[in-house]
Amino acid sequence: MTSSRKARLVILISGRGSNMQAFIEACKTGQIDADIALVLSNSPDAAGLATAAAAGIATTSIDHRRYESRKDFDAALVSTLQKYQPDLVILAGFMRILTPVFITPFAGKLLNIHPSLLPKYPGLNTHRRALEAGDREAGVTVHYVTQELDGGPPIIQARVPIEQGDSPETLATRVIVQEHIIYPIAAKWQLQGRLQLDEQGATLDGKRIPATGIDYVQGIE
Ligand code: GAR
């Protein structure tokens, strides 16, 4: 990134886009010193596309159903994203499994948010699985994306106590609040050059981040 231009984010969504909206807000308030260059969805009907367009952000969709293989779809993503020269690519509820065709060109500047305390519950239905396991807490993790599904080095995690009578839906409404807080924090660290991805995992300000990420506490920034 050169100092002569503002950092550029590209955000990938598949649905509602509430995390994307948290980024729109964070850029507007100056919490993140960046512009959102593009919001892209694999689903042309994603509600978040309209939200982004209403905020004056460029949007596009690349429908995965029109591609024969994951690799072909990923190659189309790469060629679109490269036109925008992103400094950081944000997966925000992007519900596609990515191949190295996409991951490799953006390695080290590709973040994802996953609604569990990774390494617990990679994949789908995370809140239901936490409830069925009798866990006392659930949560959310922001992590670097590597080849392993939901397995890249965690950066930051927020914990949410499970309450008596919780359903996957009630739990999700409390977890999403934390998602909107921790994702912009991780992105800000990355854009400030404070985060690094290496062979052993991730570091913040040169210090090794624990295997489950930094525990979010209020006031951390
Ligand atoms: C969020 O809860 C995000 O953590 C989850 O999808 C939701 C998207 O909501 N992501 C995954 O499950 C990725 N494996 P949003 O569209 O309102 O941001």
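What the table below lists for this structure:
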| read-out | value |
| --- | --- |
| Gyration tensor verdict on the chain (Cα atoms; rounded if a/c is under 1.5, prolate if a/b is larger than b/c, oblate otherwise) | rounded |
| Global geometry of segment 1-108, whether rounded, prolate or oblate, following the gyration tensor of its Cα atoms and the 1.5 cut on a/c | oblate |
| Computed over the chain: relative contact order in percent, which uses C-alpha pairs under 8 Å that are six or more apart | 18 percent |
| Set of aspartates and glutamates with alpha-carbon distance to K188 below 19 Å, sequence-local pairs under 8 removed | E25, D33, D35, D87, E179, D198, D205, D215, E221 |
| Helix-only CD estimate at 222 nm, as mean residue ellipticity for the chain, using -39500 (n - 2.57) per DSSP H run (n ≥ 4) | -10000 deg cm²/dmol |
| Where chymotrypsin sites (Phe, Trp or Tyr not before Pro) fall in DSSP loop in segment 67-168, at most 16 other Cβ within 10 Å | Y67 |
| K6-R129 FRET efficiency (beta carbon distance; Förster radius 35 Å; 0.05 resolution) | 0.30 |
| Within segment 97-184, GluC sites (Glu not before Pro) in DSSP loop having at most 15 other beta-carbon neighbours inside 10 Å | E148, E163 |
| Accessible surface of segment 145-221, 1.4 Å probe, proportion on carbon and sulfur as whole % | 51 percent |
| Formal net charge of residues neighbouring Q31 (Cβ-Cβ distance under 13 Å; K, R +1; D, E -1) | -1 |
| DSSP-loop trypsin sites (Lys or Arg not before Pro) across segment 82-170, with at most 12 other Cβ within 10 angstrom | R136 |
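The values are calculated or read from the model by the stated rules, or taken from the named source; none is laboratory data. Please read all numbers here as calculations on a predicted model, not as lab measurements. Cβ sites come from the backbone with ideal geometry, for glycine too, and all protein chains shown count toward neighbours. To get the accessible areas, we keep the full protein, side chains included, count just its heavy atoms, and leave off ligands, DNA and RNA. Shrake-Rupley method; radii C 1.70, N 1.55, O 1.52, S 1.80 Å.
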